[in-house]
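Trainee: Provided herewith is a single structure, encoded as C-alpha cells, for subsequent inquiry.
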Amino acid sequence: MANTNNNKELQSRWLVGYCAPRTEKQVYDKLLKQGYTAYLPLAKSSRKWSDRIKIVEIPLFTSYIFVYLNNFE
C-alpha cells in the first residue's frame, strides 16, 4: 500500500498557469531556461501598420501557459 502512495505522490500532470497579458512568451522562455516542460500554443495572425502588413504569432489563450509538473516540483 505504501508503494502506491509513493507513485501517487510523484505523478506528473499538466497544470495551467496564469500570467500578465502580453508576457506569455517571456514566461514561457523563463520556464524553459529553468528546465521545466512548458507549452504555449501560438496562432499566426496578420497585423497591419501604416507602411506594411506583418504575420505575427500570438498566444492562442491570452494570459495562460501550460506547464508539465510532478507533485515534487
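Every number here is computed from the coordinates shown, using simple stated rules; none is lab data. These numbers come from a predicted model, not from an experiment. Every residue, glycine among them, receives a Cβ derived from its backbone with ideal geometry; neighbour counts consider all protein chains shown.
Trainee: What is the gain in length, in nm to one decimal, between Ser46 and Tyr68 on full extension, counting 0.36 nm per residue of separation less the C-alpha to C-alpha distance?
Mentor: Difference between extended and current length: 4.9 nm.
Trainee: Grab the beta carbon distance between Gln11 and Ile55, set R0 = 35 Å, and tell me the FRET efficiency rounded to 0.05.
Mentor: The pair Gln11/Ile55 has a calculated efficiency of 0.30.
Trainee: Around Leu42, which amide H atoms from residues at least 5 apart in sequence, or from another chain, sit under 5 Å from its own amide H, with H modelled in the peptide plane?
Mentor: Placed amide hydrogens put Leu60 under 5 Å from Leu42.
Trainee: Let me ask you something else. Each residue of segment 44-56 in order: what ³J(HN,Hα) in whole Hz does its phi give by Karplus 6.51 cos²θ - 1.76 cosθ + 1.60, θ = phi - 60°, with x for Gly and Pro?
Mentor: Along segment 44-56, the couplings run 7, 9, 8, 10, 10, 10, 5, 10, 6, 10, 10, 8, 10 Hz.
Trainee: Go through segment 10-24 residue by residue and turn each phi into a ³J(HN,Hα) via Karplus (6.51, -1.76, 1.60, θ = phi - 60°); whole Hz please, and just put x for glycine and proline.
Mentor: Once rounded to whole Hz, the list reads 9, 5, 9, 7, 7, 10, 9, x, 10, 10, 5, x, 6, 10, 4.
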